[in-house]
Structures are given as C-alpha cells and as structure tokens.
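Notes follow once the structure below has been shown.
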Amino acid sequence: MAPLYKRIELKIYLLFHRKLWGKSIQLDGLPEIQVIDHLTIGHNVSINDHVFLQCHGGITIGNNVTLSRNTQILTGGLDLRNYSENAQQRYRSHTGGPVLIDDGVWIAANCVVVGGVHIPKNCVIAAGSVVNKSLSIPNALYGGVPAKFIKKLD
C-alpha cells in the first residue's frame, strides 16, 4: 500500500483533473498532461509513473489501455519545412496531429508515440519503441525504432 502522503497527493491531483473522474482510472504515479481539454479517455485505463501526454493535437485513449512508465505521447513537433527560416523565429511553427489509441492497447515502458498515429485494438507496443506512423494490424505485437509489426497475438 502506498504511503499516506502519496495517496493524498493522488487525491489532490485528481481533484484538479476532472477529465479523469468516474472512469476507473488507475494512476501509479502522476502523469504530466498538457492541454487536458484535448484528451478523451476511456474506462479502466492504467497510467504509470512519469507518463507525459502532450495533447495539443488531441489524444483519444480507448478502454482497458495501459500506458507504462515513461511513455510519451507527443501530438506536436517542430516544423522542419523551411527550417533555416523557421529556426530564426522566436515562435517557431509546429506540425502534428491527433493520436488515437484503440481499446485493449498496452504501451510498454519508455515508448514514444508521435502525432498523427493510430494504434489499433489489442496491440502491444514493445518497450523502448517509437511509433511514428499508424499501425494497421490489430491484435499484434509491434516493436523497434521505428515500431514495426513483429507478430500476431492470440
């Protein structure tokens, strides 16, 4: 059982993050969520310690999803078109897109998911993987940098 101060910290965190109320969400640590208004989250989601959700472009997380320790979901990034011009600007232009994670997905520790990606139902993303494009096969194991199909799951 977590120490009393950790349980109090979790209750205070949830108090200020209404989007997480009433969803049977299990928090094992406190995630950092930017632009929580662009987050849609299902039921029975497990979010572990040091998860970072950059929701600028929108993140949709289905039911029964696990985001393991140090997972990063980044919906925006620096626009590299005309970079030499962009690099001289104080406010550089960015690109990105929404991330859609279907039901039953497990994203293992230390993974990065970038904007514009769809992860289909019941997939497992192996630890340390980088998902930089949409995955097409449901019920499958993906892994690597960049993440590639490894095998179908039973």
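At-a-glance table
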| item | result |
| --- | --- |
| Contour excess over end-to-end distance, with Cα ends at residue 63 and residue 93 and 0.36 nm allotted per residue | 7.5 nm |
| Percent accessible area from carbon and sulfur atoms, region 2-154, protein chains only, probe 1.4 Å | 54 |
| Tally of Lys pairs whose C-alpha atoms are under 22 Å apart, taken over the chain, 8 or more apart or cross-chain | 12 |
| For the chain, calculated [θ]222 nm from helices alone, where every DSSP H run of n ≥ 4 adds -39500 (n - 2.57) | -3000 deg cm²/dmol |
| Packing rank of 143-154, 66-77, 36-47, where each peptide gets the mean count of other beta carbons within 10 Å, highest leading | 66-77, 36-47, 143-154 |
| Amide H contacts of residue 66 (H built 1.01 Å from N, under 5 Å, at least 5 apart or other chain) | 46, 105, 106, 107 |
| Shape of the chain, Cα gyration tensor, a/c cut at 1.5 | oblate |
| Simple label model, 7 Å out from Cα along Cβ direction - residue 50 to residue 152, nm | 3.7 |
| Orientation-averaged projected area, Cα convex hull of region 64-149 (nm²) | 5.9 |
| Using a Förster distance of 25 Å, the FRET efficiency for residue 37-residue 8 (Cβ separation, nearest 0.05) | 0.45 |
| Residue-normalised accessible area of region 58-136, given per residue in Å² at a 1.4 Å probe | 51 |
| For region 25-42 versus region 55-129, the gap between their alpha-carbon centres in whole angstrom | 14 |
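The values are calculated or read from the model by the stated rules, or taken from the named source; none is laboratory data. Source: prediction; values computed, not measured. Neighbour counts are summed over all protein chains in view; Cβ atoms, including those assigned to glycine, are modelled from backbone coordinates with ideal geometry. Areas reflect the complete protein model, heavy atoms only, side chains present, ligands, DNA and RNA absent. Shrake-Rupley method; radii C 1.70, N 1.55, O 1.52, S 1.80 Å.
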